[in-house]
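K.L.:
I have a structure I would like to understand better, so I am pasting it below and will then ask my questions one at a time.
The values are calculated or read from the model by the stated rules, or taken from the named source; none is laboratory data. From a predicted model like this one, the values you see are computed outputs, not experimental measurements. Reconstructed Cβ throughout: ideal geometry from the backbone, glycine too, with neighbour counts over all protein chains shown.
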Amino acid sequence: MSGISVLILTLNEELNLPGCLRNVRWSDDVVVLDSLSGDASVSIARKAGARVFERKFDNWSAHCNWALDTIDFRNDWVLMLDADERVTPALLREMRRAVERVGPHVGAFAMRRKNMLMGKWIPHASLYDTWLPRLMRRGRVRYEDRLVHPLTLVEGETGRLREAYIHHSFNKGFADWFEKHNRYSDFEAVETIRHLREGRVELGHLFGRDPIMRRRALKTLSFRMPMRPFAKFVYYYIVKGGFLDGGPGWTYATLQSIYEYMICLKVKEIRQRERGRPV
């Protein structure tokens, strides 16, 4: 008994899913939430013995909240993973120790991720110092109402784990990365318009102690910055030291700048259509 259930989110992940399922064989409760894949993801999951739920994806917060509300996990703690993410032996040991010793005041544990590109870990360009709550106590976590990259809302304290998980975000190639971020940019454009209309900037959180709230405040502020794609490249490559990651660092910072430009273009497109003007 591992004491930790695993929830894997999938959409057309027949390439990544077998490795992910092998990686979490230590868990006695592996659950796959599939977004109606058109490939063999579901059959791969069932063959490996995972419990499979299927749901059409609408947005990140609704999808994740549905999973946490609907699925009857067998353990009190749930680790949420994407199919291209892997748990290291050191992280597994730390997670097991954490859930065995933790008190009731802790609702989740945050951890960092090691993003890989071109066979290399890129700690600077990929913002390794970002903490993400991924190991959560059942019934103590919700996701804010946001279409993509929602803030994790934890009832109680959020602990931190020293070890990181591995993220092979380019395992299916650059074409897949562009396709995925093209979808994400649709959501981000809608969120940008919403934040600009609300006129709300949570500047106080920029100087607070909560790293997740600081990240959200910085993102909200960025909606109002000029030359956002260029500013994002400078932040990733210069400010955060992406140049120290060599060629992969340059590539990653450039891709993030392109992603930001996609969002900006779609914001302009939405506004043009709202005004009844051609794009």
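K.L.:
Could you check, for region 64-72, whether at least one of its residues is charged (D, E, K, R), under 14 Å from residue 137 (Cα atoms) and in a loop (DSSP other than H, G, I, E, B)?
P.N.:
Within region 64-72, one or more residues are charged (D, E, K, R), under 14 Å from residue 137 (Cα atoms) and in a loop (DSSP other than H, G, I, E, B).
K.L.:
Name every residue in region 1-24 that is assigned to a loop (DSSP other than H, G, I, E, B), closer than 21 Å to residue 138 by Cβ and at pLDDT 95 or above, in order of residue number.
P.N.:
Passing the criteria: only 24.
This table checks each residue for (1) closer than 30 Å to residue 172 by Cβ; (2) touching a helix residue (DSSP H, G or I) at 6+ places or on another chain (Cβ under 6 Å).
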{"site": "73", "(1), (2)": "yes, no"}
{"site": "77", "(1), (2)": "yes, yes"}
{"site": "88", "(1), (2)": "yes, no"}
{"site": "93", "(1), (2)": "yes, no"}
{"site": "101", "(1), (2)": "no, no"}
{"site": "106", "(1), (2)": "no, no"}
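K.L.:
Looking at region 36-63, which of its residues are in a helix (DSSP H, G or I) and β-branched (Val, Ile, Thr)?
P.N.:
42, 44
K.L.:
Name the strands (runs of 3 or more DSSP E) wholly inside region 85-197 in which the number of residues that are among the polar types (S, T, N, Q) is 1 or more.
P.N.:
Fully inside region 85-197 and qualifying: 113-117, 152-154, 157-160.
K.L.:
Taking the conditions exactly as written (in contact with an Asp or Glu (Cβ under 6 Å, 6 or more places away or on another chain), on the phi < 0 side of the Ramachandran plot and touching a residue at least 60 places away in the same chain (Cβ under 8 Å)), does residue 90 satisfy them or not?
P.N.:
In short, yes.
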